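Some notes on the structure that comes next.
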Amino acid sequence: MPNFETITYTIKNKVATITLNSPKTINALSRKMRKELLDAVLQANEDIDANIVVLNANGKGFCAGADLSENYKERYDSVDGELTEEYKPFIMAINDAPKLYISSIHGAAAGAGSSLAMACDFSIMASNAYIFQAFSAIALVPDCGASWHLVNRLGYKRAMEMVIQAEKMPAETCLSLGLVNRVVAPEELEHKTQEWAEQLAKGAPIAQRETKRIMQQAMRLSLSDTFDLESASQNIAIETNDAKEGVQAFFERRPAVFNGN
């Protein structure tokens with residue numbers, strides 16, 4: 001296992017936890033952290049001991065966004081080079097992962113940090129946490145996929161308002177608008193996140209993988225094309241041993257025990 005400096009990687013009860021661990025900077029996405037985060041996500045995606053992945057953070061906040069103390073011009077001619085080469089890979093590795101990701105958010109998830117949180121399949125927030133679209137406050141525009149997530153979840157007008165006004169959106173508002181799935185007391189966040197992750201980890205991994213793929217593409221496909229995609233994925237799922245176990249458990253009136261094959 002790699003020796004990370006800015007994150008930690010742990011496994012417990014089939015749940016991998018990737019923890020941003022640069023509390024002095026509120027886990028700002030430094031060059032080192034971006035590299036290590038990608039490495040950790042790729043490791044989790046292939047880890048046979050993990051069915052579900054949690055993304056959380058140490059310190060007083062989830063992620064402050066980009067590390068503004070670093071200058072992209074040290075390595076790139078333009079900022080889009082840095083975004084494409086160093087941010088997009090870990091965002092897409094989460095989006096395209098064969099496993100489900102849960103972001104566990106406390107304190108601030110700001111700028112690119114909000115994009116990281118929203119890239120996960122599920123999100124759980126502490127009741128005193130908030131998502132902050134900080135871009136316009138420093139004369140920048142949304143990046144790292146923030147605009148895609150916001151428009152798809154909130155619609156154009158609400159997303160536009162949130163971004164242009166550099167709005168801090170509290171947890172309960174995020175919940176009501178569908179940006180997150182659950183809001184819990186701050187002192188319960190870690191426990192509730194692990195509890196939820198372990199519950200999901202008991203599911204059938206292949207069915208979860210295919211469901212993730214369907215749901216992502218259903219936002220962009222027609223009904224007919226979605227129907228065809230579902231059918232193709234069902235061809236895969238129905239031939240698994242987990243599907244046979246699921247049907248047998250149903251008739252035997254007992255919980256199914258899935259093995260991922």
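When all alpha carbon pairs of the chain are counted in 10 Å bins from zero, the resulting P(r) reads 7, 28, 35, 21, 7, 1, 0 %. Here's the picture: charge each Lys and Arg Cβ at +1 and each Asp and Glu Cβ at -1 in segment 7-201, and of Pro170, Cys144, Tyr9 the one pushed furthest to the positive end of that dipole is Pro170.
Structural descriptor for the chain: relative contact order 15 percent, calculated from alpha carbon pairs under 8 angstrom and at least 6 residues apart. Note on the chain: dipole from Cβ charges, positive end direction compared against Phe122, Ser78, Pro186; the farthest Cα belongs to Pro186. Translational diffusion of segment 205-251 was estimated from the Stokes-Einstein equation, with Rh taken as the Kirkwood radius over Cα pairs; at 4 °C and 1.567 mPa s the coefficient is 114 µm²/s. Exposed loop sites were defined as trypsin sites (Lys or Arg not before Pro) in DSSP loop states (anything but H, G, I, E or B) carrying at most 10 other C-beta atoms within 10 Å; in the chain the longest segment without such a site runs 1-219. Ordering His149, His191, His106 by the number of other Cβ atoms within 10 Å of each residue's own Cβ, fewest first, gives His191, His149, His106. In this simple spin-label approximation, Ser127 and Glu187 carry label points 7 Å from Cα along the Cα→Cβ vector, and these lie 1.1 nm apart. Once backbone amide H atoms are built at 1.01 Å from N, Asn51 has Val15, Ala16 as its partners under 5 Å, excluding neighbours fewer than 5 places away on the same chain.
With all pairs of separate Cα atoms included, segment 85-156 yields a Kirkwood hydrodynamic radius of 12.7 Å. Think of the chain as having a plus end and a minus end, set by charges on the Cβ of Lys, Arg, Asp and Glu; of Gln217, Leu38, His106, His106 sits farthest toward the positive end of this dipole.
Considering only DSSP beta bridges where both residues belong to the chain, give the percentage that are antiparallel (nearest 5). Antiparallel bridges make up about 30 percent of those DSSP assigns within the chain.
Calculated on the Cα set of segment 125-184, radius of gyration then Dmax: 11.2, 33 Å. Just so you know, the averaged projected area of the alpha carbon convex hull for segment 36-84 sits at 4.9 nm². Legend: residue pairs Lys157/Lys212; Lys35/Lys168; Lys60/Lys168, Cα-Cα distance threshold 22 Å; pairs beyond threshold, Lys157/Lys212; Lys35/Lys168.
Listed values for segment 96-108 are Karplus-derived 3J(HN,Hα) couplings in whole Hz (6.51 cos²θ - 1.76 cosθ + 1.60, θ = phi - 60°), namely 8, 4, x, 10, 8, 10, 10, 8, 10, 10, 10, x, 9, and x replaces Gly and Pro.
Annotation: amide H-H contacts under 5 Å for Ala134 (H modelled 1.01 Å from N, sequence separation of 5 or more, or interchain): Gly111. For Ser123, the residues 5 or more places off, or on other chains, whose built amide H falls under 5 Å of its own are Ser103, Asn181, Arg182. Couplings for segment 121-127, taken from phi via the Karplus curve 6.51 cos²θ - 1.76 cosθ + 1.60 with θ = phi - 60°, read 6, 10, 9, 10, 10, 5, 5 Hz in order; Gly and Pro are left as x. Each residue of segment 51-60 was assigned a 3J(HN,Hα) from its phi angle through the Karplus curve 6.51 cos²θ - 1.76 cosθ + 1.60 (θ = phi - 60°); the sequence is 9, 10, 10, 9, 10, 9, 8, 8, x, 8 Hz, with glycine and proline shown as x.
Values quoted throughout were computed directly from the atomic coordinates according to the rules given, and no laboratory measurement underlies them. The shown structure was predicted, so the numbers you read here are calculated from the model rather than taken from an experiment. Ideal geometry is used to build each Cβ from the backbone, glycine not excepted, and the neighbour counts take in all protein chains shown.
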